[in-house]
Amino acid sequence: MNDDLGHRLSEPPTKLIPAPPPGLAVQTIFWKVTGVSALGVSIWLLSRELRTLSFMDLEESLAALPVTAWLACGGFAIVAYLFLGCYDWLALTYLRKKMDPIFAATCGAVTYAFSHTIGASVFSGAVIRYRAYSLKGLSGGEVARLVAFCSFTFVLGAMAVTGAALVADPLVLDRFTDAFPLNATRIAGSLLTGIVIFYITLSMLPLRRLKIGKLDIAYPTPAIALLQVTVAAAEIIFAAMIVYFALPVEGNPGIVTVTGIFMLSFLAALVSHSPGGLGVFELVFITSMPDMNRSDVLAALLIFRLFYFILPFVFSLAIIARFEFGRRL
C-alpha cells in the first residue's frame with residue numbers, strides 16, 4: 001500500500017483545464033441554438049417540399065440504382081477521405097513537424113468523419129486532434145495552428161471549386177436565385193478563382209513573416225500552397241461525385257452543375273450550423289433540382305449520407321475507441 005501511495009505521489013499533477021471565458025461560452029450557446037433552430041426550420045420546409053413523396057417512391061428510387069453505381073459511390077467516398085487525411089499531413093509539413101504520415105492521415109480522416117456528423121467541426125476536430133497530437137509532442141498552440149491551417153485549406157478548395165463551377169456554368173446560381181445576371185455570376189466565379197491564384201502567387205514571393213501582435217505566420221512554400229488547393233478541391237469533387245453517380249441518368253444536369261449545386265448546398269449547411277448540415281443540405285439541394293424526380297434526388301442524398309457521413313462515423317468511433325483503450329493498457 002505504501003508503494004502504491006508513493007507511486008501515486010510521484011506521478012505528475014493532473015493539469016486542470018481552465019474554464020472558458022464567459023464570452024466564449026455565450027458564443028457557444030448562441031451557435032448551438034442557431035444550429036438547432038436551423039435544423040428545425042429546414043426539416044419543416046423539407047417536409048413541405050416532400051409532402052407528396054411516399055416511402056414506396058423512395059424505395060423504388062434506391063432499388064433502381066445499379067450495383068456499379070453503389071460501388072462507384074463507395075469508391076469515391078474512400079478517395080475523398082484519403083484526401084481529407086492529407087489535410088493533417090500538409091499541416092504538419094507546414095509546421096515542420098516530423099510524424100508518421102499514416103498516423104497523421106488517420107487522425108485527419110477520423111477527425112473529419114467524426115466532426116462532419118456531430119457538427120461544430122472546428123471545435124470537435126480540435127479536441128480529437130489535441131488528444132492525438134499531444135501524445136506526439138505537439139503543444140496546444142501548435143495543434144491550434146494545425147486546425148487553423150486545415151480550415152484555411154478547405155476554404156481555398158471551396159473557393160476554387162465554387163469559382164470554377166460558376167465560370168463553367170453560370171446558370172447554376174439561377175437555380176437558387178435570379179437576382180444575379182450571368183455576367184455577374186461569371187465575375188464572381190472569376191474573383192474566387194483569382195483569389196486562389198493570388199494566394200499561390202504570394203507563396204512564390206520572398207515575403208517576410210506576417211506578425212500580428214503575438215501571432216507569427218509564415219507563408220507556405222509554393223509546393224504546399226499548390227497542394228492545399230489541389231487536395232481540398234479534389235476532396236470536394238470526389239464527394240460531389242458520390243451524389244452525381246447516385247443520381248439517375250435521366251434529367252441529370254451534368255457533373256459541373258451537380259458539383260456547383262453540391263458546393264453551394266454544402267456551404268449553406270456549414271453556415272447554418274445545423275448538426276451535420278442535416279436538413280439544410282437536403283433542402284437546398286432538392287429545391288435546386290426542380291427538373292428531376294424528387295424521390296430520385298432524395299435517394300441520391302441518402303446514399304451520400306450513408307457513404308460520406310454514417311459509415312465513416314462508425315469507423316471513426318471504432319478507431320477512437322481503439323486509440324483510447326490502447327492508451328489505458
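The values are calculated or read from the model by the stated rules, or taken from the named source; none is laboratory data. Source: prediction; values computed, not measured. Cβ placement follows ideal geometry from the backbone for every residue including glycine, while neighbour counts extend to all protein chains displayed. Just so you know, the surface numbers come from the protein's heavy atoms only, side chains and all, with ligands and any DNA or RNA stripped out. Shrake-Rupley method; radii C 1.70, N 1.55, O 1.52, S 1.80 Å.
What the table below lists for this structure:
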| quantity | calculated |
| --- | --- |
| Some residue of segment 65-81 being of a type outside the set (A, V, I, L, M, F, W, C), open to solvent by 60 Å² or more (accessible area, probe 1.4 Å) and at pLDDT 85 or above | yes |
| Within segment 246-282, considering residues that are buried (at least 23 other Cβ atoms within 10 Å of the Cβ) and assigned to a loop (DSSP other than H, G, I, E, B), the one modelled with the lowest pLDDT | Ser274 |
| Any hit, segment 298-311, residues being in contact with an Asp or Glu (Cβ under 8 Å, 6 or more places away or on another chain) and touching a residue at least 24 places away in the same chain (Cβ under 8 Å) | yes |
| Odd one out for Phe323 among (1) within 23 Å of Phe76 (Cα to Cα); (2) at pLDDT below 95 | (1) |
| Selection within segment 197-217 - touching a residue at least 12 places away in the same chain (Cβ under 8 Å), more than 24 Å from the chain's Cα centre (by Cα) and open to solvent by less than 70 Å² (accessible area, probe 1.4 Å) | Leu202, Ser203 |
| Among (1) under 17 Å from the mean Cα position of the chain (by Cα); (2) over 28 Å from Ala132 (Cβ atoms); (3) among the aliphatic types (A, V, I, L, M) - the single one Leu298 does not satisfy | (1) |
| Failed criterion for Ala132 (all others in (1) more than 18 Å from Ala321 (Cβ to Cβ); (2) small (Gly, Ala, Ser); (3) open to solvent by less than 30 Å² (accessible area, probe 1.4 Å) hold) | (1) |
| Some residue of segment 178-186 being surrounded by fewer than 21 Cβ atoms within 10 Å (Cβ to Cβ) and among the polar types (S, T, N, Q) | yes |
| When residues of segment 168-194 are limited to those that are closer than 18 Å to Ala234 by Cα and among the aliphatic types (A, V, I, L, M), the one modelled with the highest pLDDT | Leu192 |
| Residues of segment 159-170 satisfying the condition of being surrounded by fewer than 20 Cβ atoms within 10 Å (Cβ to Cβ) and either free of Cβ contacts under 8 Å to residues at least 40 places away in the same chain or under 23 Å from the mean Cα position of the chain (by Cα) (or both) | Val167 |
| Criterion: open to solvent by less than 40 Å² (accessible area, probe 1.4 Å) and more than 22 Å from Thr153 (Cβ to Cβ) - qualifying residue of Ile286, Ile236, Ile242, Ile224 | Ile286 |
